[in-house]
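Chemist: Provided herewith is a single structure, encoded as structure tokens, for subsequent inquiry.
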């Protein structure tokens with residue numbers, strides 16, 4: 001089995017998406033636990049950590065690439081005299 | 001228990017022992033592995049209430065050995081790190097003679113650096129702290145230079161320059177405070193407790209906008225903590241050291257700064273925001289970076305940001321979290337840099353664009369790198385999970401919404417920029433065609449040792465000893481912090497794995513390019529030299545011609561009195577960093593002399 005094989009990559013995607021779906025469902029379990037606390041309101045919304053995790057990462061990648069990167073990216077020979 | 005003379009601080013075993021290593025010839029490498037263990041034993045053998053003082057200038061005492069609340073946890077991990085670093089750097093006879101030659105400079109320097117860091121944690125007065133703080137800068141600069149490349153030489157100069165400036169700021173603040181204390185008639189103006197500026201934590205003092213001494217000291221420490229915009233030296237210099245040099249460098253400077261901040265500035269609200277800025281800055285720059293070790297360098301800033309934020313929050317939970325996280329961080333960051341260093345050593349390549357597919361032939365390096373990546377991401381059953389979450393918990397307990405939401409976002413971002421990005425681009429991504437084997441046994445052993453620590457510290461029940469040496473241990477019968485609850489485990493997995501989904505969904509955007517991202521070092525690498533070359537120098541030269549014309553028409557006697565033209569144009573040549581360093585060193589020396597006279 002090679003990780004470069006498209007079949008393997010497809011299987012990995014299916015497996016990973018299944019794990020992610022299970023994790024969303026696991027929110028029901030977490031919410032029933034006596035240790036479950038929402039400190040700020042919205043962090044108690046359903047699946048908060050799933051959509052917050054995905055959302056902030058997407059924003060960070062896009063802002064890095066298309067705002068900071070656009071302004072500050074230079075060729076890696078920039079400081080070579 | 002106080003002794004006026006007696007035991008030297010345990011860090012000196014490493015400092016002095018390290019300097020003797022090159023004289024031991026063939027025995028040196030073996031002794032190098034023993035010295036950190038001896039230091040560790042000394043740290044633990046010294047009674048907790050022992051205070052060792054040395055008379056200074058007749059009138060004062062220097063406290064070279066005292067236990068402050070965070071001393072044991074920091075000193076312990078510094079000694080363990082020195083051992084693992086020495087193992088990783090260990091030269092194998094007959095295998096690589098160049099590495100052996102480099103070792104004779106790099107390892108003694110690294111031991112001076114590590115030993116001084118340990119001495120900082122034992123310092124009981126501000127002058128001892130400062131002396132070892134500066135000795136660390138000397139040791140670490142030598143570690144960078146010992147890589148022996150032109151790039152390392154230049155980066156080392158810039159590194160030294162920034163740290164001298166930081167040292168001047170720190171010394172100026174210390175002197176201002178000492179003078180103020182003397183003026184107030186304080187008998188022991190060097191004692192560390194006079195410098196506890198934090199609003200909470202260990203002493204109940206505070207400082208305001210007009211307290212220049214506190215601000216100068218804070219700035220001096222933040223230079224070493226690599227807080228932007230004062231911290232661009234880190235990503236500039238660390239990746240230029242050798243594969244083993246960078247491992248040492250990742251551990252001591254920023255974490256000693258965390259220790260000193262914790263002692264002097266616990267509960268200073270500004271640090272919450274400084275920490276949040278560091279956490280986000282590290283992620284953004286790491287996302288854009290192509291050099292594998294520079295990615296990890298930016299992620300040091302990100303992780304130290306969590307600790308600085310915890311120090312700003314200043315509750316017992318937050319300070320315990322910051323100290324515990326420093327402990328865990330040193331291990332997994334060194335592990336990640338050992339993994340990257342092994343790749344660099346075996347392939348000679350450092351850019352993600354040149355790497356990929358190494359899982360085929362470097363299984364141990366890959367596995368250890370992934371364990372480090374999981375630990376930095378705070379996956380359950382790794383060290384990060386039981387340490388970093390204390391800082392998040394403290395933010396939630398204090399209802400600090402901005403801090404909590406930013407730290408949670410940064411926790412997701414850690415997995416993105418270091419947890420997946422590093423292993424993905426180095427070991428998977430594409431087949432680069434490179435098939436190097438795993439590195440020599442000593443490098444494998446060092447990685448396996450630290451990978452084991454990353455996992456063991458995360459195992460329920462096993463992290464207890466770490467919790468017991470934190471600055472605020474739990475009272476008898478109470479639990480310091482319980483990381484393993486059902487919601488915490490599930491929520492952390494949700495946060496991290498959906499961050500992973502974002503990584504793979506946005507992979508085309510994350511494709512590596514042959515670029516760097518400008519940072520604050522641009523000011524002293526391009527702007528200042530540019531202003532001199534294109535603005536100041538032409539003006540000065542123009543005036544010189546004017547002077548030459550004016551003085552050329554004066555009687556010789558007057559000319560001799562007021563103006564002697566330079567022999568050559570040497571006076572107007574571009575000032576290199578060397579010249580600037582001499583001036584700054586001069587300032588530093590002047591401050592020291594002033595200090596001695598005044599004290």
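Just so it is clear, none of the values below were taken in a lab; they were calculated from the coordinates. Nothing here was measured: the structure is a model prediction, and the numbers come from that model. Ideal geometry is used to build each Cβ from the backbone, glycine not excepted, and the neighbour counts take in all protein chains shown.
Chemist: If the convex hull of the alpha-carbon atoms of chain B is projected onto planes in all directions, what is the mean projected area in square nanometres?
Modeler: Details: hull surface 126.0 nm².
Mean orientational projected area (chain B, Cα hull): 31.5 nm².
Chemist: Counting other C-beta atoms within 10 Å, which of B:272, B:144 has the fewest, and how do the rest follow? Display every interim value, and only then the final one.
Modeler: On the way: B:272 25, B:144 28.
Lowest count first: B:272, B:144.
Chemist: If a/c stays under 1.5 just call it rounded; otherwise compare a/b with b/c (prolate if a/b is bigger, oblate if not). Do that for the range B:213-262, with a ≥ b ≥ c from the square roots of the Cα gyration tensor eigenvalues. Mind showing how you got there, number by number?
Modeler: On the way: a/c = 3.84, a/b = 1.86, b/c = 2.06.
Because a/c hits 1.5 or more and a/b fails to exceed b/c, the range B:213-262 counts as oblate.
Chemist: Sort A:36-44, B:451-459 for me by packing, meaning the mean count of neighbouring Cβ atoms within 10 Å per residue, highest on top. Could the numbers behind the result be given before it?
Modeler: Values: A:36-44: 13.1, B:451-459: 19.9.
Output ranking for A:36-44, B:451-459: B:451-459, A:36-44.
Chemist: For Cα pairs less than 8 Å apart in space and 6+ apart in sequence, what is the mean separation divided by the residue count of chain B, i.e. the relative contact order in percent?
Modeler: On the way: 1014 pairs, mean separation 82.6, N = 599.
Across chain B, relative contact order equals 14 percent.
Chemist: Restricting to DSSP H runs of at least four residues, report the calculated mean residue ellipticity at 222 nm for the protein assembly as shown, -39500 (n - 2.57) per run over all residues, nearest 500 deg cm²/dmol.
Modeler: Working: 27 runs with 432 residues, N = 680.
Estimated from H runs of four or more residues: -21000 deg cm²/dmol.
Chemist: Please compute, for peptide A:35-41, the average count of beta-carbon atoms on other protein chains lying within 10 Å of each residue's beta-carbon.
Modeler: Details: counts 6, 6, 4, 1, 9, 6, 1.
Mean shielding by partner chains, rounded to a whole number: 5.
Chemist: What does the structure give for A:12-24 when I average, per residue, the other chain Cβ atoms found within 10 Å of the residue Cβ? Walk me through the intermediate numbers first.
Modeler: Working: counts 1, 1, 0, 0, 4, 1, 0, 3, 6, 0, 2, 8, 2.
Shielding by partners across A:12-24 averages 2.
Chemist: Which value, in Å to one decimal place, does the Kirkwood hydrodynamic radius take for the protein assembly as shown when every pair of different Cα atoms is included?
Modeler: Working: mean 1/r = 0.0380 Å⁻¹.
Computed over Cα pairs of the protein assembly as shown, the Kirkwood hydrodynamic radius comes out at 26.3 Å.
Chemist: If you don't mind, another one. Taking the Cβ of each residue in B:134, A:4 as the centre, tally the other Cβ atoms inside 10 Å and list the residues starting with the fewest.
Modeler: Numbers: B:134 19, A:4 12.
So the residues, fewest neighbours to most, are A:4, B:134.
Chemist: Taking a ≥ b ≥ c as the square roots of the Cα gyration tensor eigenvalues, with a/c under 1.5 meaning rounded and otherwise prolate when a/b beats b/c, else oblate, which class fits the range B:18-140? Intermediate values should be presented prior to the final figure.
Modeler: Numbers: a/c = 2.61, a/b = 1.94, b/c = 1.35.
Cα axes put the range B:18-140 in the prolate bin.
Chemist: In whole Å, how far is the Cα centre of the range B:31-91 from that of the range B:328-399?
Modeler: Result: 27 Å between the Cα centres.
Chemist: Roughly how many nanometres apart are two label points built 7 Å out from the Cα toward the Cβ at residue B:59 and residue B:523?
Modeler: A separation of 3.7 nm, rounded to one decimal place.
Chemist: I want to verify a result. In a Gaussian network model of chain A, Cα cutoff 10 Å, which of these has the top mean-square fluctuation: A:20, A:70, A:62?
Modeler: Its mean-square fluctuation being the largest, the pick is A:70.
Chemist: If I model a spin label as a point 7 Å beyond the Cα along the Cα-Cβ vector, how far apart are those points for residue B:511 and residue A:22 in nm?
Modeler: So the two model labels end up 3.4 nm from each other.
Chemist: Hey, can you rank B:159-172, B:540-553, B:425-438 by average C-beta count inside 10 Å, highest first?
Modeler: B:159-172, B:425-438, B:540-553
Chemist: With no solvent and one point on each alpha carbon, what is the Debye value of log10 I(q)/I(0) for the range B:88-228 at q = 0.11, 0.12, 0.13 Å⁻¹?
Modeler: So the normalised log intensities are -0.52, -0.59, -0.67.
Chemist: I need the calculated FRET efficiency for the pair residue A:42 and residue B:478, taking r as the beta carbon distance and R₀ as 30 Å, to the nearest 0.05.
Modeler: Numbers: r = 31 Å, r/R0 = 1.05.
The pair residue A:42/residue B:478 has a calculated efficiency of 0.45.
Chemist: Once a ≥ b ≥ c are taken as the square roots of the eigenvalues of the Cα gyration tensor of chain A, is the result rounded (a/c under 1.5), prolate (a/b larger than b/c) or oblate (a/b not larger than b/c)?
Modeler: Oblate, because a/c is 1.5 or more while a/b does not exceed b/c.
Chemist: Right, here's the next one. For the range B:16-120, what's the relative contact order in percent, using C-alpha pairs closer than 8 Å and at least 6 residues apart?
Modeler: Dividing the mean separation by the residue count of the range B:16-120 yields 36 percent.
Chemist: Related question: Contact order normalised by length for the range B:113-237, with contacts defined as Cα pairs under 8 Å and 6 or more residues apart; what percent is it? Provide the component values of the computation, followed by the final result.
Modeler: Numbers: 133 pairs, mean separation 32.2, N = 125.
Relative contact order, the range B:113-237: 26 percent.
Chemist: How shielded is B:387-396 by partner chains, expressed as the average number of their Cβ atoms within 10 Å of its Cβ atoms?
Modeler: For this peptide, the per-residue mean of nearby foreign Cβ atoms is 1.
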